[in-house]
1. In whole Å, what three semi-axes, largest first, describe the equivalent ellipsoid of the stretch 18-148 built from its Cα gyration tensor (square root of 5 times each eigenvalue)?
2. What shape does the stretch 83-212 take by its C-alpha gyration tensor, where a ≥ b ≥ c are the square roots of the eigenvalues and a/c under 1.5 counts as rounded, a/b above b/c as prolate, and the rest as oblate?
3. Give the residue list of chymotrypsin sites (Phe, Trp or Tyr not before Pro) in the stretch 116-212 that are DSSP loop and have at most 13 other beta-carbon atoms within 10 angstrom.
4. Report the full-extension gain for the segment Leu205 to Met34: residue separation times 0.36 nm, less the Cα-Cα distance, to one decimal in nm.
5. Give me the net charge for the shell around Leu74: Cβ to Cβ below 13 angstrom, other residues only, Lys and Arg +1, Asp and Glu -1.
6. Tally Lys and Arg at +1 and Asp and Glu at -1 over the other residues with C-beta under 13 Å from the C-beta of Ser171: what net charge comes out?
Amino acid sequence: MSLNFDSIIFDMDGTLWDAVDSYCKIWDVTFEQMGKQQKVTRDELLKCMGMPIDEIFNTIVKTNIDKDQYLTLLDKNESKMMPILGGKLYNGVFEGIKLLSNKYKLYMVSNCGAEGLNNFLSFTKLKPYINGTLTYGETLLPKSENIKLLIKRNGLCNAVYIGDTQGDCNSAHAAGIPMIFAKYGFGKCEDAEYTIESFPDLLNLLFKNLYI
């Protein structure tokens, strides 16, 4: 399969950074503010990475609580706390994104809330290198449909999606584009077209083939 891509669409969590511990703190604060004593563990959230937020709620929440009220408050808390707490970029991501932006148009599509990608770009200082983003929180559409929408909006002809779960791969294929599996992330994947063991491997894969 040709690697002559015109653009790269990135997932966020498990692909570019690990912010799970910060998410746990935000969920716990939200429970506390609503008078509940439930705590969320890292392992619980890891099992939900890649799901839309309402599915995560249905999976994790074990107490009687108003879903809409909780998720509204969670979104407000995330908007306030994530630009401060942030996450940890995987090795080579910051330098790699800068290099990739010289040759490719870079985008992001995630199942996070409406401000999730803005928070990520603000905290990591990567905003100048990303051409556009789309989230589940903005559209309430499945990731596959958001990938299609982003491709259509930006006139992309040969995009590739980079993610770390089987759900990412299914979404990419449903949108009609190939998948590069970030094996170092949170999930597993059986049918991605390409696999990378680390973020620097992505540069080796794309730049090596760019000049063949």
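1. Each semi-axis is √(5λ); the values are 28, 16, 12 Å.
2. Taking the square roots of the gyration eigenvalues as a ≥ b ≥ c, the stretch 83-212 is rounded.
3. Answer in residue order: Tyr211.
4. 56.8 nm
5. Charge balance in the 13 Å sphere: -3.
6. Cβ neighbours under 13 Å give a net charge of -3.
Readers should treat all values here as calculations from the given coordinates under stated rules, not as data from a laboratory. All values derive from a computational prediction rather than experimental measurement. FYI the Cβ positions are ideal-geometry reconstructions off the backbone, even for glycines, and counts take in every protein chain you see.
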